[in-house]
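The structure appears below as structure tokens.
What follows is calculated from the coordinates using simple rules that are stated; it is not laboratory data. Given the structure is predicted, the values throughout are model-derived calculations rather than measurements. Reconstructed Cβ throughout: ideal geometry from the backbone, glycine too, with neighbour counts over all protein chains shown.
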Amino acid sequence: MYFIHKASLYLLLSSFFFMSVVIIAPTRRTDHWKASFEKLYPNETLYTWPDVADPESVECALCWYHPEGSLLEFPNLKLVSSMGAGVDHLLKDPKLPAHLPVTRIVDELLTQSMNTFVMACLLHFHRRFFKYERDKKAKIWDIDTIPEIPIKVGILGIGALGMALAEKIKGIGIDVIGYSRNVKLHEQIPCYSGAEGLKQFLGQINVLVCLLPLTRETEGIINREMLMQLPEGSCLINVARGKHLVDDDLLWAMDNGRIAEAYLDVFHTEPLPKDHPFWERENVFISPHMASVTNPDAALPQVMENLHRIKNGLTLWHQVDVAAGY
Ligand code: NDP
Ligand code: OXD
């Protein structure tokens, strides 16, 4: 006699019939994700939290700053994926179910956008565009100032995005080096790691690009002590997370000339509060966390492939090391 437990039967049937995905991203626009999903997977269901008619059918959650504990609403979840490259917003949830694999997005379009954004910032600094904007306002025609600031770029966090960026920077003939947690060898990009490596890294650059993940180790890493190790008149580009930077320390470093210009795409609080002093600084470029925005057409196939991989016992793409925090 064959006895199939009710729960097992449900799981068996659901893997064939009722599979669905939920997006939990209350602070972000999701209509284009829904449109993309419907185009790519017309036979599957995508719910947008909190409107989930059948939570038991949900096998995958796509998250961006999901409310703490919201993943517990889905008893048959198999996979949690970030909607972007970063996973700090996921891992900070103390109720994140420990048995679930967490994945993130690594994709060519995301990389390309990050490359063009950071290139635009560092070339803006290199070619003194802030100065020429000021000159224009005062109708000054200055042909005496050397028009190019010599630069050497350091990428703090030379991972998927950082390394691709370094190769592009190198490709246009600008000196670039990197810093990572583990030792990294690259034929053309010198890479540093460890405490001594960090000193050597900071001691030879005048453009610091932060592309670190936000973890216990990296929070507040761009502080007075770090900024002091850069030469006078340096440039900071933070495209990682606002919490990497100690805001008051940057203001201090700008006041005493250590940092001449800062390009900030990410902030402790987003949107940046209207009374934040960064808004008043002429040499601070502000953008609304748009350096590189995930394209759903590129991201969804990765997520769905991972769901297939879980069900078939295959290695996942871009799985996060939850213990390391990235
Ligand atoms: P990766 O995980 O591929 O790379 C992270 C890099 O940081 C790795 O080189 C890693 O070292 C290094 N790292 C981690 N911890 C430390 C540490 N304690 N000390 C030194 N180095 C460390 O991430 P991605 O390149 O894909 O993305 C980086 C970040 O960029 C994301 O986490 C996200 O926050 C941000 N981001 C921002 C966007 C925006 O629009 N502003 C868009 C996309 C991403 P190792 O190589 O040794 O592991
Ligand atoms: C990301 C981001 O992590 O957009 O992808 O910040």
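Structure summary
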item: Residue count, region 52-70 (criterion: of a type in the set (Gly, Ala, Ser) and touching a residue at least 40 places away in the same chain (Cβ under 8 Å)); result: 3
item: Matching residues in region 306-318 - criterion: being closer than 29 Å to residue 181 by Cα and more than 16 Å from ligand 2 (Cβ to nearest atom); result: 306, 309, 310, 314, 315, 316
item: Lone unmet requirement of (1) within 12 Å of ligand 2 (Cβ to nearest atom); (2) surrounded by fewer than 14 Cβ atoms within 10 Å (Cβ to Cβ) for residue 321; result: (1)
item: Single residue of region 124-145 satisfying the filter (charged (D, E, K, R) and assigned to a loop (DSSP other than H, G, I, E, B)) that is farthest from residue 233 (Cα to Cα); result: 139
item: First in region 243-262 and touching a residue at least 12 places away in the same chain (Cβ under 8 Å), second anywhere and surrounded by fewer than 20 Cβ atoms within 10 Å (Cβ to Cβ) and of a type in the set (Gly, Ala, Ser), Cβ under 6 Å, 6 or more apart; result: 246/220; 260/233
item: Selection within region 211-251 - surrounded by 22 or more Cβ atoms within 10 Å (Cβ to Cβ), under 13 Å from residue 198 (Cβ atoms) and within 16 Å of ligand 2 (Cβ to nearest atom); result: 212
item: Residue within region 77-94 that is away from ligand 1 (no atom under 15 Å from the Cβ), assigned to a strand (DSSP E or B) and among the hydroxyl-bearing types (Ser, Thr, Tyr) present; result: no
item: Of the criteria (1) over 30 Å from residue 162 (Cβ atoms); (2) in contact with a helix residue (DSSP H, G or I) (Cβ under 7 Å, 6 or more places away or on another chain); (3) aliphatic (A, V, I, L, M), which one residue 72 fails; result: (2)
item: Verdict on residue 204 being more than 23 Å from residue 324 (Cα to Cα), touching a strand residue (DSSP E or B) at 6+ places or on another chain (Cβ under 8 Å) and in contact (Cβ under 8 Å) with a residue 12 or more places away in the chain; result: yes
item: Residue check, residue 199 among the basic types (Lys, Arg), away from ligand 2 (no atom under 16 Å from the Cβ) and under 19 Å from residue 219 (Cα atoms); result: yes
item: Looking only at region 153-174, and only at residues there that are outside any helix (DSSP H, G or I) and either within 10 Å of ligand 1 (Cβ to nearest atom) or hydroxyl-bearing (Ser, Thr, Tyr) (or both), the one that is farthest from residue 221 (Cα to Cα); result: 159
item: Within region 222-260, tally of residues that are of a type in the set (Val, Ile, Thr) and more than 22 Å from residue 271 (Cα to Cα); result: 1
item: Counted residues, region 95-121 - those being part of a helix (DSSP H, G or I), within 11 Å of ligand 2 (Cβ to nearest atom) and surrounded by 22 or more Cβ atoms within 10 Å (Cβ to Cβ); result: 2
